[in-house]
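Below is one structure, written out as structure tokens; comments come after it.
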Amino acid sequence: RKGGFDHYMQKEIYEEPDVFYRTFNSEIDPDFISELKSAEEICVIACGTSYNAGLLFRYLMEMHCDTPVRVEVASECRFFRPRRGSVVIAVTQSGETADTIAALNMAKAFGCTTAAVTNVVGSSVTRVVDYSLCTRAGPEISVAATKSYTAQVAVFMSVLRELCNGSIKEDLDEIHKVIEDALLVDVSEGAEMCAGASDIFYVGRGLYYPVSLEGALKIKEITYIHAEGYAAGELKHGPISLLCEETPIVAVCTMDVSYPVMLSNIKEMKARGAPVIAVGTEGDEDLDDVADVCIYVKKSTPLGEMLAVIVVLQMLAYQSAVILGRDIDKPRNLAKSVTVI
Ligand code: M6R
């Protein structure tokens, strides 16, 4: 059933070009889009990887639309009251996460319109919400979420396409190719460096902040190495004191608007002795000069490059776990879906 792959996680990462294509291509209920257009606020609730996808949606919305977006960890929702007039979107691969469903029920009790972005048609969450938006990832066996995350990002990109006309002008065939190319990127040197570490920081700015959170979650979950995702600018406000020769940094530094400041952040990290694994855009020779290991994705649109970086970070986590001989598809202490509060 693994189709020639060593692990389900690897197989599921390789499915991502097609998963993105079919999810982004699917229709979004026009009534849901109308609800969003008249919403005073959108509130996203989720856990783990699904939360990281929600945070990415917030950044995408800020870039293209006026409606404010809040993103809350589902287990903390009982401490906040949803605003009247909010549309509450639960993001959950399994559709069974207890905290997410509890938060959704609370939002319903406050009279909010509710929706779910889920991978499982007919799951518990779909019976609670007003609208269901399906990720078309197919069954995900590995505990680590990979293709379902990319599919969640695809749903959010298609919501944006419908909501803010003209905001997303991606060529789907081109994106398919960009994600496919990302699967072939050599991450072995970076994986060797990560596998030998006890602590790793993942940093990025803008869209790459939530992407860094997800990169860190992925590697800690399957390698058991302590990893933290940070907004690159936050490093100076505390964690920089931890940097030394033993703490590699995975710094996402593609040639987007944050490029110059990211490059100078990398120099600051290097000055503290930290080895830097930079993930950048192919053809960037300046990055070669400052980082210890460079992992390049193909030049594309900003969103195309972001999707490629997501895949590269998943591969980095996967290969690090292979080096360490971990039980990749079933990491210790974890369940695929958390059905208790
Ligand atoms: O099924 P859900 O998306 O609601 O699950 C939420 C988290 O438990 C899940 O995303 C978890 O963080 C992943 N297994 C991480 O890879």
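Conditions (1) under 18 Å from Leu163 (Cα atoms); (2) of a type in the set (Gly, Ala, Ser); (3) modelled with pLDDT under 95; (4) in a helix (DSSP H, G or I), marked per residue:
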{"residue": "Glu12", "(1), (2), (3), (4)": "no, no, no, yes"}
{"residue": "Arg22", "(1), (2), (3), (4)": "no, no, no, yes"}
{"residue": "Ile42", "(1), (2), (3), (4)": "yes, no, no, no"}
{"residue": "Ile45", "(1), (2), (3), (4)": "no, no, no, no"}
{"residue": "Leu56", "(1), (2), (3), (4)": "yes, no, no, yes"}
{"residue": "Glu62", "(1), (2), (3), (4)": "yes, no, yes, yes"}
{"residue": "Asp66", "(1), (2), (3), (4)": "yes, no, yes, no"}
{"residue": "Cys77", "(1), (2), (3), (4)": "no, no, yes, yes"}
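Take the residues in the stretch 1-19 that are of a type outside the set (Lys, Arg) and free of Cβ contacts under 8 Å to residues at least 24 places away in the same chain; name whichever of them is surrounded by the most Cβ atoms within 10 Å (Cβ to Cβ). Among residues in the stretch 1-19 that are of a type outside the set (Lys, Arg) and free of Cβ contacts under 8 Å to residues at least 24 places away in the same chain, the one surrounded by the most Cβ atoms within 10 Å (Cβ to Cβ) is Phe5.
If only one of Arg83, Arg78 is touching a Cys at 6+ places or on another chain (Cβ under 9 Å), of a type in the set (D, E, K, R) and either within 16 Å of the ligand (Cβ to nearest atom) or farther than 19 Å from Arg22 by Cβ (or both), which one is it?
On the way: Arg78 fails: touching a Cys at 6+ places or on another chain (Cβ under 9 Å).
Answer to the selection: Arg83.
When each of Val250, Val187 is tested for being closer than 23 Å to Phe5 by Cα and surrounded by 15 or more Cβ atoms within 10 Å (Cβ to Cβ), the lone residue that passes is Val187.
In the stretch 94-114, what residues are among the hydrophobic types (A, V, I, L, M, F, W, C) and near the ligand (Cβ under 10 Å from one of its atoms)? Ala98, Ile101, listed by residue number.
Working carefully through the options Val117, Val91, Val143, find the one that is among the β-branched types (Val, Ile, Thr), near the ligand (Cβ under 8 Å from one of its atoms) and part of a strand (DSSP E or B). Don't jump to the end; show me each part of the working.
Details: Val117 fails: near the ligand (Cβ under 8 Å from one of its atoms); Val143 fails: part of a strand (DSSP E or B).
Answer to the selection: Val91.
Restricting attention to the stretch 10-63, the residues that are touching an Asp or Glu at 6+ places or on another chain (Cβ under 6 Å) and aliphatic (A, V, I, L, M) add up to 3. Within the stretch 248-296, the set of residues being of a type in the set (A, V, I, L, M), more than 20 Å from Met306 (Cβ to Cβ) and in a loop (DSSP other than H, G, I, E, B) comprises just one member, Ala274. If you go through the stretch 316-341 and pick out every residue that is under 27 Å from Ile277 (Cα atoms), touching a Ser or Thr at 6+ places or on another chain (Cβ under 6 Å), of a type in the set (Ser, Thr, Tyr) and within 13 Å of the ligand (Cβ to nearest atom), you end up with 0. Assess whether Val73 counts as being surrounded by fewer than 19 Cβ atoms within 10 Å (Cβ to Cβ) and among the hydrophobic types (A, V, I, L, M, F, W, C). When the stated conditions are applied, Val73 passes them. Taking the conditions exactly as written (more than 18 Å from Ala154 (Cβ to Cβ), part of a loop (DSSP other than H, G, I, E, B) and not β-branched (Val, Ile, Thr)), does Arg83 satisfy them or not? It is true that Arg83 is more than 18 Å from Ala154 (Cβ to Cβ), part of a loop (DSSP other than H, G, I, E, B) and not β-branched (Val, Ile, Thr).
Just one of the listed residues (Val203, Val257, Val185, Val276) is away from the ligand (no atom under 16 Å from the Cβ) and touching a Phe, Trp or Tyr at 6+ places or on another chain (Cβ under 6 Å), namely Val203. Can you confirm whether the stretch 219-237 contains a residue that is outside any loop (DSSP other than H, G, I, E, B), touching a residue at least 40 places away in the same chain (Cβ under 8 Å), of a type outside the set (Ser, Thr, Tyr) and closer than 15 Å to Val311 by Cβ? Yes - at least one qualifying residue is present in the stretch 219-237.
State all residues of the stretch 217-226 that are more than 11 Å from the ligand (Cβ to nearest atom) and buried (at least 24 other Cβ atoms within 10 Å of the Cβ); if no residue qualifies, say none. Steps first, answer last, please.
Quick first cut of the stretch 217-226, residues more than 11 Å from the ligand (Cβ to nearest atom) only: 223-226.
Answer for the stretch 217-226, where residues must be more than 11 Å from the ligand (Cβ to nearest atom) and buried (at least 24 other Cβ atoms within 10 Å of the Cβ): just Thr223.
When each of Ile168, Ile179, Ile101 is tested for being within 27 Å of Ile33 (Cα to Cα) and part of a helix (DSSP H, G or I), the lone residue that passes is Ile101.
Taking the criterion of being surrounded by fewer than 16 Cβ atoms within 10 Å (Cβ to Cβ) and in contact (Cβ under 8 Å) with a residue 60 or more places away in the chain, would at least one residue in the stretch 43-61 satisfy it? It would help to see each step written out before you state the result.
So the first thing to find is which residues in the stretch 43-61 are surrounded by fewer than 16 Cβ atoms within 10 Å (Cβ to Cβ), and the list is none.
No - not one qualifying residue is present in the stretch 43-61.
Cβ-Cβ contacts under 6 Å between residues 6 or more apart (or on different chains), taken from a first residue in the stretch 256-283 that is charged (D, E, K, R) to a second residue that is in a helix (DSSP H, G or I), are listed as Asp256/Pro302; Lys267/Val290.
The values are calculated or read from the model by the stated rules, or taken from the named source; none is laboratory data. Fair warning: this is a prediction, and the values are worked out from it, not measured in the lab. Please note: Cβ atoms are built from the backbone with ideal geometry, for glycine as well, and neighbour counts cover all protein chains shown.
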